[in-house]
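The values are calculated or read from the model by the stated rules, or taken from the named source; none is laboratory data. This is a predicted model, so every value here is computed, not measured. Neighbour counts run over all protein chains shown; Cβ positions are idealised from the backbone, glycine included. Just the protein is used for accessible areas: all its heavy atoms, side chains included, with ligands, DNA and RNA removed. Shrake-Rupley method; radii C 1.70, N 1.55, O 1.52, S 1.80 Å.
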Amino acid sequence: LPAAEKAYRRKLDRLHREMTPPAAPKRGLFSITRRTAAAAAAIVLLAMSVEFFVVKRLSADTTTWLVTAENSKGRFMLPDGSVVWLNADSRLAYSDRFTASGSRAVRLEGEAYFEVTHNPRRPFVVEFEGGEIQVLGTSFNVKAYRDDDIVAVTLDEGRVVLDDRRGGRFELSPS
């Protein structure tokens, strides 16, 4: 009997082995850590991308408006040291990036006299409906009211380039 019992137990063990599915291979601590590190790196990269594109690129650009009433005039100093005299019922706008950007751009609706601080590396640009003036360090007046068909530029000193955005480009110098 002991030999028959041993044979019976061997057959029973073999049957159990055949019926039991193989165990999944054990993963080491290192492979779990690598996956965790890769996931963490992906999350950090995603967060940095969102911060760069959303916060830096799409952040609201604040505009400063200088405004004069119908019966008044105003003298204003821009962040770069340039001085602007706004005539009655005029508006001048510039971005909060005026001093940080590559150019010093302002938007004029009405009439203004400018004394522009000279800076050849950062041009001063006056935009108005229908055109723009690139200033090359100068004193000049611009009359560009919205309802007027004519834009008048009076140059005291220096040079300006007037671009009418219809293909006309004129350089003005005092006579």
Condition met for Ala112 (buried (at least 18 other Cβ atoms within 10 Å of the Cβ), free of Cβ contacts under 8 Å to residues at least 24 places away in the same chain and not in a loop (DSSP other than H, G, I, E, B)): no
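Please enumerate the residues belonging to the stretch 140-168 that are part of a strand (DSSP E or B) and either on the phi > 0 side of the Ramachandran plot or loosely packed, with under 12 Cβ neighbours inside 10 Å (or both). Walk me through it before giving the result.
Going residue by residue through the stretch 140-168, those that are part of a strand (DSSP E or B) are 140-144, 152-157, 160-163.
Matches in the stretch 140-168: Ala152, Glu157.
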Among residues of the stretch 117-175, those that are among the aromatic types (Phe, Trp, Tyr) and within 26 Å of the chain's Cα centre (by Cα), counted: 2
Cβ pairs under 7 Å, 6+ apart, first in the stretch 126-139 and part of a loop (DSSP other than H, G, I, E, B), second open to solvent by 50 Å² or more (accessible area, probe 1.4 Å): Glu129/Arg146; Gly130/Val151; Gly130/Arg165; Leu136/Arg159; Gly137/His118; Thr138/Glu157; Thr138/Arg159
Condition check for Ala100: under 22 Å from Thr154 (Cβ atoms) and small (Gly, Ala, Ser): no
Meets criteria (modelled with pLDDT under 75 and either out of contact with any strand residue (DSSP E or B) (no Cβ under 7 Å at 6 or more places or on another chain) or open to solvent by less than 100 Å² (accessible area, probe 1.4 Å) (or both)) for Ala60: yes
Residue in the stretch 94-103 that is more than 15 Å from Trp65 (Cβ to Cβ), in contact with a Ser or Thr (Cβ under 7 Å, 6 or more places away or on another chain) and not in a loop (DSSP other than H, G, I, E, B) present: no
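Evaluate the following for Asp13: is it touching a strand residue (DSSP E or B) at 6+ places or on another chain (Cβ under 8 Å), at negative phi and modelled with pLDDT under 85?
Answer is no for this residue.
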